[in-house]
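Asker: Structure incoming, see below.
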Amino acid sequence: MRKLFLISLFILVSALHLAAPPTSAAQQLKLDIKVFFGLGGTTYVSMLETGRERDTFAGWQIGFGPRLRRDKAFIEVLFSFNRWYFEGPNPDFGGSNTQVNSFELPFHVGYIPYKNPYFKWFLYAGYVNHFNAKIIVTREGEPSLRLRPKDDNLAVYQALARFGTSIDVVMFNLDLNYSISMNSATTTSYRTGYHQVQLNLAYVF
């Protein structure tokens with residue numbers, strides 16, 4: 001709880017700094033709206049008694065949100081829908097396809113090392129609220145199964161720390177970020193780490 005409080009306090013102080021009255025025209029608050037789509041990779045690391053086991057899954061995400069800039073500081077809040085897939089053999093039906101649907105609400109705070117009217121470079125860190133919503137299992141010759149996260153030992157809520165960089169080229173934004181879990185990604189007796197890499201392309205209004 002203390003860690004979450006400190007992160008929330010840092011975000012609040014940054015937001016108040018951006019919202020403070022400007023001292024010059026160059027420091028006026030500027031609002032951008034980002035609409036993005038991207039590809040990602042999710043890795044689960046299970047800390048078993050026999051050692052660590054890693055499983056990596058591919059997926060995609062789509063979302064939107066505001067970005068506030070003032071001088072060389074910025075904050076952004078982006079809502080996204082995420083989906084990753086797992087395909088593999090099934091002993092009963094010969095094959096299966098599993099997809100996990102989730103939502104994310106990240107809060108990013110960052111710095112702009114360089115900018116001009118056509119190009120901007122952003123560095124940021126943030127806190128991500130990640131919610132696993134549904135698991136859908138499709139089996140050959142059988143109707144799909146819709147499961148709750150806890151039915152497959154997945155945690156409903158995950159707290160993630162995120163680090164990333166992005167660039168604006170005129171009205172387009174390219175973003176690369178990495179997230180790591182601060183709590184277990186599963187409800188099992190052993191801890192499961194969660195690692196996520198995303199590459200997003202956005203249109204900036």
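Asker: Tell me which residues come under 5 Å, amide H to amide H, from Ser96 once H is placed; ignore anything under 5 positions away on its chain.
Answerer: Gly88, Asn90
Asker: Oh, and also: 5 Å is the cut-off here: which amide hydrogens, built 1.01 Å from N in the peptide plane, fall below it relative to Thr187, excluding neighbours closer than 5 in sequence?
Answerer: Distant-sequence amide H within range of Thr187: Leu154, Ala155.
Asker: Quick one: ranking Trp84, Trp121, Trp60 by accessible area, 1.4 Å probe, largest first, what do you get? Walk me through the numbers on the way to the answer.
Answerer: Values: Trp84 30, Trp121 100, Trp60 65 Å².
Ranking Trp84, Trp121, Trp60 by accessible area, largest first, yields Trp121, Trp60, Trp84.
Asker: Next up: How many percent of the alpha carbon pairs in region 85-205 exceed a separation of 24 Å? Don't skip to the answer; put the middle values down first.
Answerer: On the way: 3211 of 7260 pairs.
The answer is 44 percent, as a whole percent.
Asker: So which GluC sites (Glu not before Pro) in region 54-161 end up in coil per DSSP with only 13 or fewer other C-beta atoms within 10 Å? Working shown, then result.
Answerer: On the way: sites: Glu76, Glu87, Glu104, Glu140; in loops: Glu140.
Answer in residue order: Glu140.
Asker: Using a 1.4 angstrom probe on the protein heavy atoms only, line up Leu48, Leu39 by accessible area, largest first.
Answerer: On the way: Leu48 50, Leu39 115 Å².
Accessible-area ranking of Leu48, Leu39, largest first: Leu39, Leu48.
Asker: A further question follows. Which ³J(HN,Hα) values in Hz, rounded to whole numbers, follow from the phi angles of region 122-134 under the Karplus curve 6.51 cos²θ - 1.76 cosθ + 1.60, where θ = phi - 60° and Gly and Pro get x?
Answerer: Per-residue couplings from phi come out as 10, 10, 8, 9, x, 10, 10, 8, 10, 10, 7, 10, 7 Hz.
Asker: Would you kindly calculate the translational diffusion coefficient of region 125-194, applying Stokes-Einstein with the Kirkwood radius from alpha carbon pairs, for 4 °C and a viscosity of 1.567 mPa s, and quote it in µm² s⁻¹ without decimals? Spell out each step's value before the answer.
Answerer: Numbers: Rh = 14.5 Å.
So the translational diffusion coefficient is about 89 µm²/s.
Asker: Put Thr56, Thr165 in order of accessible area, largest first, 1.4 Å probe: what do you get?
Answerer: Working: Thr56 100, Thr165 50 Å².
Heavy-atom accessible area, descending, gives Thr56, Thr165.
Asker: OK, next. Of all accessible surface on region 161-205 at a 1.4 Å probe, what whole percent is carbon and sulfur? Spell out each step's value before the answer.
Answerer: Working: 1630 of 2140 Å².
Carbon-and-sulfur percentage of accessible area, whole number: 76.
Asker: OK, next. So which lysines pass the test for Lys34, namely a Cα distance under 21 Å, with those fewer than 8 places away in the same chain ruled out?
Answerer: Partners found: Lys72, Lys115, Lys120.
Asker: Below 27 Å, Cα to Cα, which lysines can Lys150 reach? Residues fewer than 8 away in the same chain don't count.
Answerer: Within the straight-line limit of under 27 Å, Lys150 reaches these lysines: Lys3, Lys134.
The values are calculated or read from the model by the stated rules, or taken from the named source; none is laboratory data. Remember, predicted model here, so these are calculated numbers, not experimental data. Every residue, glycine among them, receives a Cβ derived from its backbone with ideal geometry; neighbour counts consider all protein chains shown. We work out accessible area using only protein heavy atoms, side chains counted, and drop any ligands, DNA or RNA first. Shrake-Rupley method; radii C 1.70, N 1.55, O 1.52, S 1.80 Å.
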